[in-house]
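One structure below.
The values are calculated or read from the model by the stated rules, or taken from the named source; none is laboratory data. All figures in this text were calculated on a predicted structure; none of them were measured in a lab. Using ideal geometry, Cβ is built from the backbone for each residue, glycine included, and neighbour counts are taken over all protein chains shown.
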Amino acid sequence: MAQPTVRQLQVFERIARIQNFSQAARELHLTQPTVSMQMAQLQAVVGAALFYQVGKKMHLTEAGEIVLSTARSVLDNLDQMHARLLGLKGLDAGRLRLGVVTSAKFFVPRILGYFLQQHPAIEPSLTVTQRDVLIQRMRDNLDDLYVFSVPPQGPDLAVEPFMSNELVAIAAHNHPLAQRKRVISVAELCSYPFLQREAGSGTRSLIERFFAEQGITVQPRMELGSNFAIEQAVATGIGVSIVSRTMIDGLHLGNEISVLNVKGLPLNENWYLVYLNAKADFPIVQQFRIFIKEFAHEWSSQLVSGTRPSQTEPRQRRPKRDKG
């Protein structure tokens with residue numbers, strides 16, 4: 001029985017991901033006839049149609065779903081084989097695919113940048129998206145490592161806290177609550193218009209749990225799709241919110257936003273690295289896990305000493321191999 005070629009699997013995986021033959025051809029630097037020929041040959045090998053079309057949108061058949069799962073596993077294993085062989089030669093190279101929730105976009109790109117300064121031969125990709133999309137990417141095995149504020153759980157997942165994630169209440173500098181010297185009650189905070197993330201956000205679930213523990217139900221005045229939008233809106237004075245302190249540092253909004261002294265806050269949470277157990281021994285995954293934990297430790301030390309983290313990069317040293 002004939003077997004699919006690696007090239008056929010590469011082309012099929014790209015088409016399945018973006019659902020467009022022409023765009024897949026452009027991204028793979030192939031002509032559209034070549035892509036169509038590769039798919040015709042793959043379907044002949046499989047003995048079944050892989051796609052069907054409704055209007056202008058492509059969908060995978062049941063056979064296509066099976067082939068896609070196998071294709072991603074094969075291509076991922078080939079990438080890791082390549083990285084391990086380079087490691088045997090003392091070469092620090094390969095692909096690193098990160099997926100992070102939107103609230104982590106204020107610090108993960110900086111960490112990745114410092115990591116690439118020490119490992120310039122590594123080819124990175126960074127996907128920033130909402131939590132539910134990221135969980136689906138994890139199910140599809142599209143990335144190597146993920147960053148969550150509220151990690152998913154599963155028997156095949158490794159979850160590692162790597163940095164503190166303090167959630168604090170904020171208001172504009174000229175807001176009435178920002179002028180208070182005494183501790184503000186949660187009820188008083190919520191008596192003002194409250195701005196909240198969309199349903200499904202990890203940060204929102206932490207805040208809702210906090211309010212439930214206080215016996216308070218909040219009807220947000222406005223739901224916004226990103227923490228950046230929330231902080232910009234708060235800076236105008238239209239409402240208050242609870243956000244990660246990490247984002248305030250990343251946006252440099254200290255002149256526009258005040259952190260409020262609210263009873264029960266800050267919430268002392270964590271940022272988490274999440275990855276498939278099967279990838280624990282992959283060299284690049286190990287290297288980045290070590291690096292991000294060292295970065296987080298130095299970041300925390302700088303905050304304690306009063307140094308703005310963005311002004312200092314981590315020490316330039318090659319991490320030891322992680323056996324965990």
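Can you pull out every residue in segment 185-218 that is small (G, A, S) and either more than 28 Å from V100 (Cβ to Cβ) or in contact with a Leu (Cβ under 9 Å, 6 or more places away or on another chain) (or both)?
Step one: filter segment 185-218 for residues small (G, A, S), giving 185, 187, 191, 199-202, 205, 212, 215.
S185, A187, S191, G215, listed by residue number.
Conditions tested, residue by residue: (1) among the hydrophobic types (A, V, I, L, M, F, W, C); (2) over 30 Å from V259 (Cβ atoms).
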residue	(1), (2)
A104	yes, no
R110	no, no
V128	yes, no
Q136	no, yes
N141	no, yes
F148	yes, no
D156	no, yes
S164	no, no
V168	yes, no
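Which of (1) in contact with a Lys or Arg (Cβ under 7 Å, 6 or more places away or on another chain); (2) surrounded by fewer than 16 Cβ atoms within 10 Å (Cβ to Cβ) is the odd one out, the single condition L195 does not satisfy?
Here L195 clears every test but (2).
Name every residue in segment 104-117 that is out of contact with any Phe, Trp or Tyr (no Cβ under 7 Å at 6 or more places or on another chain), crowded, with 17+ Cβ neighbours inside 10 Å and within 16 Å of V285 (Cβ to Cβ), in order of residue number.
Selection gives V108, L112.
With the requirement that a residue be acidic (D, E) and surrounded by fewer than 17 Cβ atoms within 10 Å (Cβ to Cβ), what does segment 13-49 give you?
Taking segment 13-49 as the starting set, the residues that turn out to be acidic (D, E) are 13, 27.
Once the filter is applied, which keeps residues that are acidic (D, E) and surrounded by fewer than 17 Cβ atoms within 10 Å (Cβ to Cβ), segment 13-49 yields only E27.
State all residues of segment 152-187 that are without any contact (Cβ under 8 Å) to a residue 40 or more places away in the chain and either assigned to a strand (DSSP E or B) or surrounded by 14 or more Cβ atoms within 10 Å (Cβ to Cβ) (or both); if no residue qualifies, say none.
If the condition is that a residue be without any contact (Cβ under 8 Å) to a residue 40 or more places away in the chain and either assigned to a strand (DSSP E or B) or surrounded by 14 or more Cβ atoms within 10 Å (Cβ to Cβ) (or both), then G154 is the only one that fits.
Residue by residue through segment 268-300, note down the ones that are under 14 Å from L96 (Cα atoms), in contact with a helix residue (DSSP H, G or I) (Cβ under 9 Å, 6 or more places away or on another chain) and part of a helix (DSSP H, G or I).
K279, P283, I284, V285, Q287, F288, F291, I292 - these are the residues of segment 268-300 that are under 14 Å from L96 (Cα atoms), in contact with a helix residue (DSSP H, G or I) (Cβ under 9 Å, 6 or more places away or on another chain) and part of a helix (DSSP H, G or I).
Given (1) among the charged types (D, E, K, R); (2) closer than 21 Å to F194 by Cα; (3) out of contact with any Leu (no Cβ under 7 Å at 6 or more places or on another chain), where does K279 come up short, assuming only one miss?
Against the list (1) among the charged types (D, E, K, R); (2) closer than 21 Å to F194 by Cα; (3) out of contact with any Leu (no Cβ under 7 Å at 6 or more places or on another chain), K279 comes up short only on (2).
Are any of the residues in segment 82-102 within 27 Å of G202 (Cβ to Cβ), at pLDDT 90 or above and of a type in the set (S, T, Y)? Give the derivation first.
Step one: filter segment 82-102 for residues within 27 Å of G202 (Cβ to Cβ), giving 95-102.
Right, trim to at pLDDT 90 or above and you get 96-102.
Now restrict to residues that are of a type in the set (S, T, Y): 102.
There is at least one residue in segment 82-102 that is within 27 Å of G202 (Cβ to Cβ), at pLDDT 90 or above and of a type in the set (S, T, Y).
Could you tell me whether S226 is outside the structural domain of I135 (by TED's automatic domain parsing), modelled with pLDDT of 90 or more and under 23 Å from the mean Cα position of the chain (by Cα)? Let's see the steps before the verdict.
On the way: outside the structural domain of I135 (by TED's automatic domain parsing): yes; modelled with pLDDT of 90 or more: no; under 23 Å from the mean Cα position of the chain (by Cα): yes.
Spelling it out, it is not the case that S226 is outside the structural domain of I135 (by TED's automatic domain parsing), modelled with pLDDT of 90 or more and under 23 Å from the mean Cα position of the chain (by Cα).
So which of R204, R221, R245, R209 ends up being outside the structural domain of P109 (by TED's automatic domain parsing) and in contact (Cβ under 8 Å) with a residue 60 or more places away in the chain?
Details: R204 fails: in contact (Cβ under 8 Å) with a residue 60 or more places away in the chain; R221 fails: in contact (Cβ under 8 Å) with a residue 60 or more places away in the chain; R209 fails: in contact (Cβ under 8 Å) with a residue 60 or more places away in the chain.
Result: R245 is the single residue among R204, R221, R245, R209 that is outside the structural domain of P109 (by TED's automatic domain parsing) and in contact (Cβ under 8 Å) with a residue 60 or more places away in the chain.
Looking only at strands (runs of 3 or more DSSP E) that fall completely inside segment 1-110, which ones have 2 or more residues that are in contact (Cβ under 8 Å) with a residue 60 or more places away in the chain?
Details: elements: 51-54, 57-60, 94-101.
The qualifying strands (runs of 3 or more DSSP E) are 94-101.
Quick one: in segment 209-227, which of the residues that are touching a helix residue (DSSP H, G or I) at 6+ places or on another chain (Cβ under 7 Å) and more than 17 Å from A199 (Cβ to Cβ) is surrounded by the most Cβ atoms within 10 Å (Cβ to Cβ)?
Here the residue is Q214.
Which of (1) over 29 Å from A296 (Cβ atoms); (2) crowded, with 18+ Cβ neighbours inside 10 Å is the odd one out, the single condition V243 does not satisfy?
(1)
Within the group V54, V46, which residue is at pLDDT 90 or above and outside the structural domain of R245 (by TED's automatic domain parsing)?
Details: V54 fails: at pLDDT 90 or above.
Step by step, each of V54, V46 is checked, and only V46 is at pLDDT 90 or above and outside the structural domain of R245 (by TED's automatic domain parsing).
Can you tell me which residues in segment 50-69 are of a type outside the set (D, E, K, R) and surrounded by 12 or more Cβ atoms within 10 Å (Cβ to Cβ)? I'd like the intermediate steps shown before the answer.
Let us first name the residues in segment 50-69 that are of a type outside the set (D, E, K, R), namely 50-55, 58-61, 63-64, 66-69.
Residues satisfying the conditions are L50, F51, M58, H59, L60, T61, A63, G64, I66, V67, L68, S69.
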